[in-house]
Amino acid sequence: DAIDQDIVPWEKERVIKPGHLYCVVADKFPVTPGHLLFIPTWNSYSFINMLFGAAYDWGAAMLNQGECDGFNIGLNCNTSAGQTVMWPHVHLIPRRTGDCVDPRGGVRHCVPNGLGNYLT
(Lines give C-alpha, C1' and ligand atoms only; values in the text may rest on other atoms or scores of the structure.)
Protein backbone atom coordinates (compact mmCIF):
# COMPACT_ATOMS: atom_id res chain seq x y z
CA ASP A 1 0.00 0.00 0.00
CA ALA A 2 1.16 3.53 -0.74
CA ILE A 3 0.38 6.40 1.58
CA ASP A 4 -1.95 9.06 0.19
CA GLN A 5 -0.03 12.32 0.69
CA ASP A 6 -3.32 14.27 0.62
CA ILE A 7 -4.73 12.51 3.68
CA VAL A 8 -1.63 12.04 5.82
CA PRO A 9 -2.41 12.17 9.55
CA TRP A 10 0.23 14.82 10.34
CA GLU A 11 0.32 18.51 9.65
CA LYS A 12 2.57 19.50 6.76
CA GLU A 13 4.29 22.12 8.94
CA ARG A 14 5.70 19.31 11.12
CA VAL A 15 7.49 17.72 8.14
CA ILE A 16 11.23 18.26 8.66
CA LYS A 17 12.49 16.26 5.68
CA PRO A 18 10.13 15.31 2.85
CA GLY A 19 11.17 12.48 0.57
CA HIS A 20 10.05 9.96 -2.03
CA LEU A 21 10.94 6.91 0.10
CA TYR A 22 10.16 8.31 3.55
CA CYS A 23 9.67 11.58 5.35
CA VAL A 24 10.83 12.80 8.74
CA VAL A 25 8.20 14.49 10.90
CA ALA A 26 8.36 16.15 14.31
CA ASP A 27 6.27 14.12 16.76
CA LYS A 28 3.00 15.86 17.71
CA PHE A 29 3.40 14.80 21.35
CA PRO A 30 7.20 14.62 21.83
CA VAL A 31 8.49 12.88 24.95
CA THR A 32 11.82 14.72 24.59
CA PRO A 33 12.99 17.66 22.45
CA GLY A 34 13.86 16.37 18.99
CA HIS A 35 11.47 13.37 19.09
CA LEU A 36 10.99 12.47 15.41
CA LEU A 37 8.94 10.06 13.30
CA PHE A 38 10.33 8.33 10.21
CA ILE A 39 7.38 7.50 7.96
CA PRO A 40 7.62 5.32 4.84
CA THR A 41 5.74 6.17 1.66
CA TRP A 42 4.99 2.45 1.24
CA ASN A 43 3.84 -0.05 3.85
CA SER A 44 6.31 -2.83 3.15
CA TYR A 45 9.00 -4.67 5.09
CA SER A 46 11.84 -3.21 3.03
CA PHE A 47 10.62 0.37 3.52
CA ILE A 48 10.04 -0.11 7.26
CA ASN A 49 13.45 -1.76 7.61
CA MET A 50 15.06 1.20 5.82
CA LEU A 51 13.55 3.54 8.43
CA PHE A 52 15.54 1.98 11.25
CA GLY A 53 18.79 2.73 9.43
CA ALA A 54 17.67 6.28 8.66
CA ALA A 55 16.63 6.87 12.29
CA TYR A 56 19.92 5.44 13.53
CA ASP A 57 21.94 7.68 11.21
CA TRP A 58 19.94 10.75 12.29
CA GLY A 59 20.35 9.87 15.98
CA ALA A 60 24.09 9.25 15.54
CA ALA A 61 24.44 12.67 13.91
CA MET A 62 22.57 14.28 16.83
CA LEU A 63 24.86 12.44 19.24
CA ASN A 64 28.02 13.51 17.36
CA GLN A 65 26.81 17.13 17.27
CA GLY A 66 26.18 17.13 21.03
CA GLU A 67 22.41 17.54 20.65
CA CYS A 68 21.76 14.48 22.83
CA ASP A 69 23.63 11.96 24.97
CA GLY A 70 21.98 8.86 23.49
CA PHE A 71 18.79 7.81 21.71
CA ASN A 72 16.09 5.16 21.49
CA ILE A 73 14.55 3.90 18.26
CA GLY A 74 11.21 2.10 18.30
CA LEU A 75 8.16 0.93 16.38
CA ASN A 76 4.70 0.46 17.85
CA CYS A 77 2.88 -2.24 15.90
CA ASN A 78 -0.88 -2.44 16.47
CA THR A 79 -3.07 -1.03 19.21
CA SER A 80 -1.96 -3.51 21.89
CA ALA A 81 1.56 -2.08 21.49
CA GLY A 82 0.29 1.50 21.72
CA GLN A 83 0.02 2.36 18.02
CA THR A 84 -2.49 5.17 17.47
CA VAL A 85 -1.68 6.20 13.88
CA MET A 86 -2.32 3.07 11.85
CA TRP A 87 0.43 3.62 9.31
CA PRO A 88 3.92 2.28 10.13
CA HIS A 89 6.38 4.80 11.52
CA VAL A 90 9.59 4.59 13.50
CA HIS A 91 10.23 6.83 16.52
CA LEU A 92 13.62 8.41 17.19
CA ILE A 93 13.71 9.62 20.80
CA PRO A 94 16.81 11.61 21.74
CA ARG A 95 17.92 11.00 25.32
CA ARG A 96 19.78 13.28 27.66
CA THR A 97 21.58 12.48 30.88
CA GLY A 98 19.12 13.09 33.72
CA ASP A 99 15.94 12.99 31.59
CA CYS A 100 14.71 10.20 33.87
CA VAL A 101 15.81 8.90 37.25
CA ASP A 102 17.20 5.56 36.03
CA PRO A 103 17.36 4.92 32.27
CA ARG A 104 18.66 1.34 32.61
CA GLY A 105 16.43 -0.99 30.66
CA GLY A 106 15.56 1.66 28.05
CA VAL A 107 12.71 0.47 25.85
CA ARG A 108 12.01 -2.38 28.27
CA HIS A 109 10.05 0.20 30.31
CA CYS A 110 7.32 0.41 27.66
CA VAL A 111 5.42 -2.16 29.76
CA PRO A 112 5.05 -0.62 33.25
CA ASN A 113 5.34 -3.88 35.16
CA GLY A 114 8.57 -3.19 37.01
CA LEU A 115 10.55 -5.62 34.86
CA GLY A 116 12.23 -2.95 32.70
CA ASN A 117 15.27 -2.64 34.97
CA TYR A 118 16.82 -6.10 34.80
CA LEU A 119 19.48 -5.18 37.41
CA THR A 120 17.04 -4.96 40.33
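The values are calculated or read from the model by the stated rules, or taken from the named source; none is laboratory data. Not measured: the values here are computed from a predicted model. Positions of Cβ are generated from backbone atoms using ideal geometry, with glycine treated the same way; all protein chains shown enter the neighbour counts. These area figures cover heavy atoms from the full protein model, side chains too; ligands, DNA and RNA do not enter into them. Shrake-Rupley method; radii C 1.70, N 1.55, O 1.52, S 1.80 Å.
A few comments on the model shown:
- Residues in the range 48-102 that are in contact with a Gly (Cβ under 7 Å, 6 or more places away or on another chain), part of a loop (DSSP other than H, G, I, E, B) and at pLDDT 95 or above: Glu67, Cys68.
- Checking Pro33 against (1) over 14 Å from the mean Cα position of the chain (by Cα); (2) open to solvent by 50 Å² or more (accessible area, probe 1.4 Å); (3) under 25 Å from Glu11 (Cα atoms), the condition it does not meet: (1)
- Filtered residues of the range 79-102 (kept if in contact with a helix residue (DSSP H, G or I) (Cβ under 9 Å, 6 or more places away or on another chain) and either of a type in the set (Asp, Glu) or open to solvent by 70 Å² or more (accessible area, probe 1.4 Å) (or both)): Met86
- Of all residues in the range 69-78, none satisfies being surrounded by 15 or more Cβ atoms within 10 Å (Cβ to Cβ), closer than 22 Å to His109 by Cα, of a type outside the set (Asp, Glu) and touching a residue at least 40 places away in the same chain (Cβ under 8 Å).
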